[in-house]
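One structure is given here, and the rest of the page talks about it.
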Amino acid sequence: MFRRSFTAQSASAVALSLVAAVALAAAPDVAAQDAIALAIAPIPTETEQATAKVIQKQGDEWVTLREGAGPFICIADDPGADGFHSACYHESLEPYMARGRELTSQGVTGRENVEMRMAEIEAGTLEMPSYAFLHAIYAGEGWSGDMDAVLRHQAVIYTPFATAEDLGLPTSATRGAWLMGAGTANSHVMITP
């Protein structure tokens with residue numbers, strides 16, 4: 001069983017803690033309304049899209065483009081960065097995501113950023129839900145939000161501290177489901193169709 005409180009009941013609630021992410025290549029000068037529309041595109045229902053909070057990095061500051069009362073937080077494209085990237089996730093992941101943004105602002109990026117957050121989760125100083133779902137969509141240059149035009153779909157289910165034995169999954173990349181980071185605070189199931 002998992003080191004933390006992951007249960008069969010938690011697994012069935014994965015759908016309730018959907019995290020949607022979209023990482024795309026497009027022009028970095030997308031207008032605010034277009035940035036919001038593209039940031040919320042992967043959220044499954046229009047009602048949830050309409051209630052998502054949307055934030056964006058502008059220079060060194062994080063700005064709220066739209067307040068939201070729903071369970072999703074979306075990070076719109078950074079107009080100062082090359083390409084296009086946005087991500088939406090369930091509010092239960094906000095402590096983890098906010099800490100990642102904080103570390104990045106301090107110059108801690110990449111693997112070091114993830115490792116620091118993993119250590120904080122293991123020490124009990126950073127909150128991480130016992131499950132969370134992320135859906136990533138990758139598209140080409142100039143993507144307009146047409147879901148039929150995406151190049152690749154990938155889903156990730158965060159399952160902190162899960163092992164291959166817990167889930168009965170391989171730990172190396174394969175089509176279908178496999179476990180990455182087995183036994184760590186960053187353990188997650190990668191699902192590639």
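Go over the candidates L134, L103 one by one and state the one that is modelled with pLDDT of 85 or more, hydrophobic (A, V, I, L, M, F, W, C) and closer than 20 Å to A76 by Cα.
Matching residue, one of L134, L103: L103.
When the residues of region 43-52 are narrowed to those that are assigned to a loop (DSSP other than H, G, I, E, B) and either of a type in the set (V, I, T) or in contact with a helix residue (DSSP H, G or I) (Cβ under 9 Å, 6 or more places away or on another chain) (or both), which ends up surrounded by the fewest Cβ atoms within 10 Å (Cβ to Cβ)?
Among those that are assigned to a loop (DSSP other than H, G, I, E, B) and either of a type in the set (V, I, T) or in contact with a helix residue (DSSP H, G or I) (Cβ under 9 Å, 6 or more places away or on another chain) (or both), it is T45.
Within region 34-57, take every residue that is out of contact with any strand residue (DSSP E or B) (no Cβ under 9 Å at 6 or more places or on another chain) and over 26 Å from M190 (Cβ atoms) and give me the one that is modelled with the lowest pLDDT.
D34
May I ask you to list the residues in region 87-107 that are of a type in the set (G, A, S) and within 16 Å of T125 (Cβ to Cβ)?
A98, G100
Could you grab the pairs with beta carbons closer than 8 Å, sequence gap of 6+ or different chains, first residue in region 53-80 and at negative phi and open to solvent by 50 Å² or more (accessible area, probe 1.4 Å), second one among the hydroxyl-bearing types (S, T, Y) and part of a strand (DSSP E or B)?
K53/T64
Filter region 81-100 for residues that are among the aliphatic types (A, V, I, L, M) and open to solvent by 20 Å² or more (accessible area, probe 1.4 Å); which is farthest from the chain's Cα centre (by Cα)?
A81
For region 177-193, give me the residue count where each residue is assigned to a loop (DSSP other than H, G, I, E, B) and out of contact with any Ser or Thr (no Cβ under 8 Å at 6 or more places or on another chain).
Residues in region 177-193 being assigned to a loop (DSSP other than H, G, I, E, B) and out of contact with any Ser or Thr (no Cβ under 8 Å at 6 or more places or on another chain): 4 in total.
The values are calculated or read from the model by the stated rules, or taken from the named source; none is laboratory data. Everything numeric here is computed off the predicted structure, so don't read it as measured data. Note: ideal-geometry Cβ built from the backbone for every residue, glycine included; neighbour counts use all protein chains shown. Note: accessible area is taken over every heavy atom of the protein model, side chains too, but ligands, DNA and RNA are not part of it. Shrake-Rupley method; radii C 1.70, N 1.55, O 1.52, S 1.80 Å.
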